[in-house]
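Contents: one structure, followed by commentary.
The values are calculated or read from the model by the stated rules, or taken from the named source; none is laboratory data. No experiment lies behind these values; they were computed from the predicted model shown. Cβ placement follows ideal geometry from the backbone for every residue including glycine, while neighbour counts extend to all protein chains displayed.
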Amino acid sequence: MNDLWVVIPTFNRANDLLDCINSLHDARIRSERVIVVDNHSQDDTVQKLLAQFPEVALIPLDDNLGAAKASNIGFECALEQGAEYILRLDSDTVVDPEFCFHLLDKAKRDPQIGVLSPKIYYYEPPDKIWFAGANQHPWHFGATHGHRHEKDSPHNSQVQEIDYAWGAAMLIKREVLEKTGGFDPDFFVYYEEVDFCLRVKELGYKLVFIPDSHVWHKVGSSANNTWTAYHWNRSKMLLYRKHAKNTIHVISLILFAFLYAMISPVIHGKSGNRGPFRHAVRGLWQGFKENL
């Protein structure tokens, strides 16, 4: 545990953040090893955090730099403090008292493992799975076999290699952050962990799912609105352009992204675009024209 630091980027989630840190206390993680990067919250996050947990390393930002940059700032701070393992948590998570021991035990046994993920449940209902490992779709990089909405069963409760770990709760080894530089700051929010996991695997590291480690997630990003639609689709386009295998692949992915934006409201309602169609297309166009 002395090798472990926790990085929590946050924005306007004062009470959720306090719940998260309280759960870390119950898991015997000292406040001095928790780094909170506040993305210029407009609520009372900073005031409440300083009042209740003055020992926490708080990094208040003057602007909202997004989830990827805020995470990287926290990663850099943790590495400067000598961290060998960095736990990246969303501020709307609550952890099980024993969750970290399961992750660290496996991490220290296998030097080829670069990233580990716990089993993540919905906060409500607390017995329904939000994440239990995920594989990469061979064509469009989407997540498959994620076991979302399932209850615990033998087929979603095995230690296994995975392609993706979600940023809501992932344990990262120091050398992985040093070699990758952390998350790509081009991703303001969304898909930054997909890009990160793809780059980690390219370096030859394994990503492993640890089902005995448990976290609960309030899943704030499920909201469907204009802001989410724009950023979700902008980041999706950046991911496609960055990781496409060749010119034909990238062209087909770009066409697929715009086609999906048109038909998903019919198939899935607004959830397909994460919000209004017009803002989804605006995000795709922005991601298409940006320099990489």
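Restricting to the range 115-148, name every residue that is within 13 Å of D163 (Cα to Cα) and under 15 Å from the mean Cα position of the chain (by Cα).
Within the range 115-148, V115, L116, S117, F131, A132, G133, A134, G142, A143, G146 meet the criteria.
Taking the stated definitions as given, is R174 under 15 Å from the mean Cα position of the chain (by Cα), modelled with pLDDT of 95 or more and of a type in the set (K, R)?
no
Tell me the strands (runs of 3 or more DSSP E) entirely within the range 33-115 that contain at least 3 residues that are surrounded by 23 or more Cβ atoms within 10 Å (Cβ to Cβ), outside the structural domain of W227 (by TED's automatic domain parsing) and not polar (S, T, N, Q). Quick ask: steps written out before the conclusion?
On the way: elements: 34-38, 57-60, 85-89, 93-95.
Of the strands (runs of 3 or more DSSP E) lying wholly inside the range 33-115, those with at least 3 residues that are surrounded by 23 or more Cβ atoms within 10 Å (Cβ to Cβ), outside the structural domain of W227 (by TED's automatic domain parsing) and not polar (S, T, N, Q) span 34-38, 85-89.
Going by what's in this entry, would D152 be described as without any contact (Cβ under 8 Å) to a residue 40 or more places away in the chain, surrounded by fewer than 19 Cβ atoms within 10 Å (Cβ to Cβ) and part of a loop (DSSP other than H, G, I, E, B)?
Here the answer is yes, as D152 does meet what is asked.
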